[in-house]
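Engineer: This structure is in structure tokens; I'll ask about it shortly.
The values are calculated or read from the model by the stated rules, or taken from the named source; none is laboratory data. Bear in mind that the values here come from a model prediction, so they are computed numbers and not experimental data. FYI the Cβ positions are ideal-geometry reconstructions off the backbone, even for glycines, and counts take in every protein chain you see.
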Amino acid sequence: MVPDQTLSAPWGLGATYAEAMGEGSPAQWQALGLEPLPTAWQESLGSLSQASIGITRPCSPVAVRRVLGGTCIHRSEGVFLQLPYSVLWEVLTVCMFAKQFRSPAVILLPIAEESCWHADLLPQYQEMGLQFQEALPRFGEQLGVELSGHWQEQCGTVDTIEQAGLYGLFAPFSDDPKRLSYPFGETDEALILKVYESYCSLYAMPRMGIQPGDLFVEGIHLARSVLLGLSNRATYVATVPLPSPHDPQQFLIDLPHVPRLAEPYLFPTHWWVNALLQCSFGLTLNALRDAFLDGLAGC
């Protein structure tokens, strides 16, 4: 399904998808520093532009040398088969960009951050990090992408971030005052802010640091954490989170019963997500799920 209305130029179809999901408006994106994709980027990305919303600090597309992006492993309790389908989409989005630019891809894994939330699951999450590091290169071989994973042993810090900027980190476009000020007043406010800063540090301190030619690709709903971490040191393309195929206004992960990798989910054949993946890899989301789990099985 495609939203009924399309934003006027220069914002494209990806921006239309994001706005339908409640993830901001052109004015809000621009307030964060995002601008529509320049013509050179649209031409370089081709059909991949429909998964893109906007860009900060645009370099020349030909200057891209590495593509990086994170994935949200929450709600999994450190068990691979409990990972939501959104994890796979996040990995694949980074890989689509990397393949388009013929560049290596790095997946930033919030292992330390999830372990901090759930200290009792520390061994499970650390094992998950090791499995990802082994499985991602195998998966990348099937996709035609040099793929690796990176995660931190402990929560990181970012000197350039002021604590006040962390409130409402993951609700950048909300109009709810409570969400915008979260975790103010919570009993574990200090812990939450510590983990929020560490999420930002994933972008600030990837393997080998931020390099010339680095392109960060991340969902628009996480834009503030990316921008705080990068501090204007690299190009960032905000992308479309995985929507429900039956309701373009809803995140797939927010469905009453979250689709997980343990079982194939019935996705429509004619869905823009599948069309985009087939264009890049020749496979649908469920076929790519099978390939992803095959890589994990070898660990």
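Engineer: Condition test on Gly69, is it buried (at least 21 other Cβ atoms within 10 Å of the Cβ), modelled with pLDDT under 95 and touching a strand residue (DSSP E or B) at 6+ places or on another chain (Cβ under 6 Å)?
Structural biologist: no
Engineer: Starting from the range 152-169, take each residue that is closer than 15 Å to Val226 by Cβ and list its partners that are part of a loop (DSSP other than H, G, I, E, B) and polar (S, T, N, Q), counting only C-beta distances under 6 angstrom and pairs at least six apart or across chains.
Structural biologist: Close Cβ pairs satisfying both conditions: Thr160/Ser231.
Engineer: Does Leu285 satisfy being under 20 Å from Ala18 (Cβ atoms) and either surrounded by 13 or more Cβ atoms within 10 Å (Cβ to Cβ) or free of Cβ contacts under 8 Å to residues at least 60 places away in the same chain (or both)?
Structural biologist: Here the answer is yes, as Leu285 does meet what is asked.
Engineer: Additional query: Looking at (1) outside any loop (DSSP other than H, G, I, E, B); (2) closer than 16 Å to Ala31 by Cα; (3) among the aliphatic types (A, V, I, L, M), which one does Ala171 not meet, given that it meets all the others?
Structural biologist: Of the numbered conditions (1) outside any loop (DSSP other than H, G, I, E, B); (2) closer than 16 Å to Ala31 by Cα; (3) among the aliphatic types (A, V, I, L, M), the odd one out for Ala171 is (1).
Engineer: From the list Leu202, Leu227, Leu191, which residue is modelled with pLDDT of 95 or more and over 12 Å from Glu113 (Cβ atoms)?
Structural biologist: Among Leu202, Leu227, Leu191, only Leu227 is modelled with pLDDT of 95 or more and over 12 Å from Glu113 (Cβ atoms).
Engineer: Would the range 249-265 turn up any residue that is part of a helix (DSSP H, G or I), of a type in the set (A, V, I, L, M) and at pLDDT 90 or above?
Structural biologist: yes
Engineer: Can you go through Ile111, Ile55 and tell me which one is within 18 Å of the chain's Cα centre (by Cα) and either closer than 27 Å to His257 by Cα or among the acidic types (Asp, Glu) (or both)?
Structural biologist: Selected residue: Ile111, the only one of Ile111, Ile55 that is within 18 Å of the chain's Cα centre (by Cα) and either closer than 27 Å to His257 by Cα or among the acidic types (Asp, Glu) (or both).
Engineer: Picking from Glu153, Glu141, which residue would you name as being farther than 18 Å from Cys279 by Cα, surrounded by fewer than 22 Cβ atoms within 10 Å (Cβ to Cβ) and of a type in the set (D, E, K, R)?
Structural biologist: When all the criteria are applied, what remains is Glu153.
Engineer: Looking at (1) polar (S, T, N, Q); (2) within 20 Å of the chain's Cα centre (by Cα); (3) over 25 Å from Ile55 (Cβ atoms), which one does Ser231 not meet, given that it meets all the others?
Structural biologist: Evaluating Ser231 over (1) polar (S, T, N, Q); (2) within 20 Å of the chain's Cα centre (by Cα); (3) over 25 Å from Ile55 (Cβ atoms) leaves (3) as the failure.
Engineer: On the given criteria, is Leu252 within 15 Å of the chain's Cα centre (by Cα) and surrounded by fewer than 22 Cβ atoms within 10 Å (Cβ to Cβ)?
Structural biologist: Judged against the criteria, Leu252 is a match.
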